[in-house]
Amino acid sequence: MTAARFRVGPSDGPTVADVLERMGGASRGLAGAAAEGRAFLNARRARPDDAVVAGDELAVWPARRDARGAPPVEVLARWGEILVASKPAALPTAPERRGTRSLITEVAELLGLRAPPHAASRLDVGVSGAVLCATGPRGQRHLAAMREAGRIARVYVGVAGGRIEGAGTWDAPIGAARSRGGRSLPAVGGAGAKDAATRYRAVASAGGGAAPVTLLRLDPVTGRMHQLRVHAAHAGAPLLGDRDHGGARSLTTARGRVLPLARIALHALRVTVPDESGEERAALAPVPDELRDLWGALDGDGSAWEEVLTATPEAALPPGLPSGAR
């Protein structure tokens, strides 16, 4: 697929939305292109209300719905210009270059927003759960300040391949390392490695002796790319389905049933942040059925999911990291 390209004329209108409407609107699939992240103004992703001048180049990529079968996006909580949305595993947090469905474009459509909200952090494709977003500049500034102050707390739950016991802190530094396919992926000790810390607690185990798995509560202290995935793999127990970091692509149960792993077994369960008045606000994203079903197929105790939030990780942090860092 290739992009449709337009040169803005003197009478095409003052904004990207005006130009798209003039160029054919709904009849050519252009009307929602900017809101969906498919429009680029002078090679930079455009918003509907971005100003244009004669001579600007507007490129519009055709819609592509790779994640058509994904569960619906849900807005879990909203206060002021802040909201928390639940991202299905199959969706990217933000649009890819060709306008694949994404969390923020789905939220914009769901709430009737003129432009997609800003995601304060991103969950990888394959990971589900709560994502904190800002719908305006005031909210965006507030979330940036809370992140800088270490006031945003997140709790994840994951299913790791292997046996992990007890609780503690993983603190291996994370940088970039080139993979076999030529991609640079986050890795322990890679180029430009930075301090990273993840609190963990083993909540339950399942799977039998031949292929043990562990249900983990994970609390990121820092926010490096792929941090939880890299730390779990470095601990010898990569998350199920995490192919980039050595996770299993399938599992065989004690009864001989082969379970294909179509997603990463990681879910952002809860996010907590103060609102502008200082009141703590929290939103909980229910664990999706596919993870509960996977755990059940491995003979895991279903009540373990509810124990995650009460299984508080150890408070100790590695030297040099502030106690409030997130």
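The values are calculated or read from the model by the stated rules, or taken from the named source; none is laboratory data. Owing to the predicted nature of the structure, the values given are computational and were not obtained by experimental measurement. For neighbour counting, all protein chains shown are included, and Cβ atoms are generated from backbone atoms with ideal geometry for every residue, glycine included. Accessible surface areas use protein heavy atoms only, side chains included; no ligands, DNA or RNA. Shrake-Rupley method; radii C 1.70, N 1.55, O 1.52, S 1.80 Å.
Quick notes
- Selection status of VAL19, open to solvent by less than 20 Å² (accessible area, probe 1.4 Å), β-branched (Val, Ile, Thr) and at pLDDT 75 or above: yes
The rows are residues; the columns are (1) among the acidic types (Asp, Glu); (2) at pLDDT 90 or above; (3) surrounded by 22 or more Cβ atoms within 10 Å (Cβ to Cβ); (4) in contact with a helix residue (DSSP H, G or I) (Cβ under 6 Å, 6 or more places away or on another chain).
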| residue | (1), (2), (3), (4) |
| --- | --- |
| THR222 | no, yes, no, no |
| MET225 | no, yes, no, no |
| HIS231 | no, yes, yes, no |
| LEU266 | no, yes, yes, no |
| VAL273 | no, yes, yes, yes |
| ALA282 | no, yes, no, no |
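- Residues of the range 124-134 satisfying the condition of being over 14 Å from ARG78 (Cβ atoms) and either open to solvent by 30 Å² or more (accessible area, probe 1.4 Å) or outside any loop (DSSP other than H, G, I, E, B) (or both): ASP124, VAL125, SER128, GLY129
- Among (1) more than 23 Å from the chain's Cα centre (by Cα); (2) among the polar types (S, T, N, Q); (3) surrounded by fewer than 18 Cβ atoms within 10 Å (Cβ to Cβ) - the single one SER205 does not satisfy: (3)
- Answer from ARG183, ARG178 - the residue that is touching a helix residue (DSSP H, G or I) at 6+ places or on another chain (Cβ under 9 Å) and open to solvent by 40 Å² or more (accessible area, probe 1.4 Å): ARG183
- Checking every residue in the range 40-55 against the condition of being at pLDDT below 80, of a type in the set (D, E, K, R), open to solvent by 10 Å² or more (accessible area, probe 1.4 Å) and not in a strand (DSSP E or B) gives at least one match.
- Residue that is modelled with the highest pLDDT [pool: residues in the range 76-123 that are among the acidic types (Asp, Glu) and either more than 15 Å from the chain's Cα centre (by Cα) or surrounded by 22 or more Cβ atoms within 10 Å (Cβ to Cβ) (or both)]: GLU81
- Test: residue in the range 61-69 that is in a loop (DSSP other than H, G, I, E, B), under 24 Å from the mean Cα position of the chain (by Cα), among the aromatic types (Phe, Trp, Tyr) and modelled with pLDDT under 85: yes
- Restricting the range 249-261 to residues that are at pLDDT below 90 and under 25 Å from the mean Cα position of the chain (by Cα), the residue that is surrounded by the most Cβ atoms within 10 Å (Cβ to Cβ): LEU251
- Number of the condition not met by ARG217 [criteria: (1) open to solvent by 10 Å² or more (accessible area, probe 1.4 Å); (2) farther than 30 Å from LEU83 by Cβ; (3) in contact (Cβ under 8 Å) with a residue 12 or more places away in the chain]: (2)
- Strands (runs of 3 or more DSSP E) wholly inside the range 197-303 that include at least 1 residues being small (Gly, Ala, Ser) and under 22 Å from ARG154 (Cα atoms): 198-206, 266-274, 280-284
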